[in-house]
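Accompanying notes for the structure given below.
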Amino acid sequence: MKPILQHLVEMTGHRDHLRLEVSVLSTLQKLSGIKAVRALELFTDKGVAHVRPRTWVEEGQLVSTDSEAAADARRELLEQYPELCECVKSQGDSALAHRPGRHTLWLPVWMHEKVSTCLEITQSRPFSAHKLEVIKGVFLVYQNYQNLLDYSERDALTGLFNRKTFDEQFSRNAASGLSSNRPQSAEALVNEEVAAESEPAQNWLAVVDIDHFKLVNDRFGHLYGDEVLILIANILRSSFRSHDRIFRFGGEEFVVLLRNITLARAHKVFNRVRETVQEYDFPQVGRVTVSLGFVGTARGSPVEILGQADQALYYAKEHGRNQVCFYEDLVAGGHLAAKVANDDVELF
């Protein structure tokens, strides 16, 4: 048991979901008789449940993908895994499949009564009762720690990522993966304008602010103000893809990291969010609008990029509100002067 305890100590030393996932797979892989381990991502595309490997063993090493789930060539229909499919439907804690020379155990990770991750362990012989007990014990430690990490990363009111996690998420998601050759989802390819097909895809940071939010609190009270925040968070959550990132920075300000699309598409996505909020009938409050400023993340430090998006947001709010402004367009048009960030400023 000593090696397992050592692995558990190492596993719970991580403060990152992906590293924790790799660590638990590494721990399980070292158990005797284990033939293969994978972390699967469960997701829905156009109303159909799918599954795809997110972390797996390749040439003896654990590797992970950061591609969009819906565009992953490895994805499969969840119904192709009947035992796992039934387990998810019944909200079960495990599923077993027995095939000649191949016995597979699935352990769904339940968070907020939903499952988006599942560990898959395969060996050539049936699992003994003792082996199942050991594996499930390791898994429960992993699942509990994943829940603790998730709780520490989330804003208590909206359930979005909080500001504390922004720096790490920015480093991992915003400044990487800028190749225009990365696959896009079918929806993105269909909706992309022909004239913009030659544009390089990159990542974007947007700051979203609710217009006149203080008046909402003053007129209707903080209870209805909180409801507006929750509903706008839900709109943001449903407007972006699973691998984009949404944060609540406190008050009425949100930040979005939008990954790997063209400038033309980014304009459309952000304006669609603005229009969705504008058309939504908020209980008691009625109509609410948002202003949005955004910038590309290819160049500059987090301080500079966030500052530029803020400049674009302030311009939008000072010139009518309820609009989307792109920082580089404002600079090119002479509406804003490019500013050099002060390296001594600490935003994180």
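The values are calculated or read from the model by the stated rules, or taken from the named source; none is laboratory data. Just so it is clear, the model here is predicted, and its values are computed rather than measured. Note that each Cβ is placed from the backbone with ideal geometry, even for glycine, and that neighbours are counted across all protein chains shown. The protein model used for the area step is the full one, side chains on, heavy atoms only, and it has no ligands, DNA or RNA in it. Shrake-Rupley method; radii C 1.70, N 1.55, O 1.52, S 1.80 Å.
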Hey, what do the phi angles of the range 303-320 turn into as Karplus ³J(HN,Hα) couplings, whole Hz, using 6.51/-1.76/1.60 and θ = phi - 60°, x for Gly and Pro?
4, 5, 5, 5, x, 5, 5, 5, 4, 5, 4, 4, 5, 4, 6, 7, 10, x
At a Förster radius of 45 Å, what calculated FRET efficiency corresponds to the Cβ-Cβ distance of H319 and D66, to the nearest 0.05?
0.75
Accessible area of W110, 1.4 Å probe, to the nearest 10 Å²?
50 Å²
With a 1.4 Å probe and every protein chain kept in, tell me what percent of the accessible surface of the range 226-348 is carbon plus sulfur.
47 percent
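Just subtract the alpha-carbon distance of I235 and D93 from 0.36 nm times their residue separation and send over the number in nm, one decimal. List each step's numbers first, then the result.
Values: separation 142, 0.36 × 142 = 51.12 nm, distance 3.08 nm.
Between I235 and D93, full extension yields 48.0 nm more.
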For D226 and A298 in one chain, what is 0.36 nm times their gap in residues minus the Cα-Cα distance, to one decimal in nm?
22.5 nm
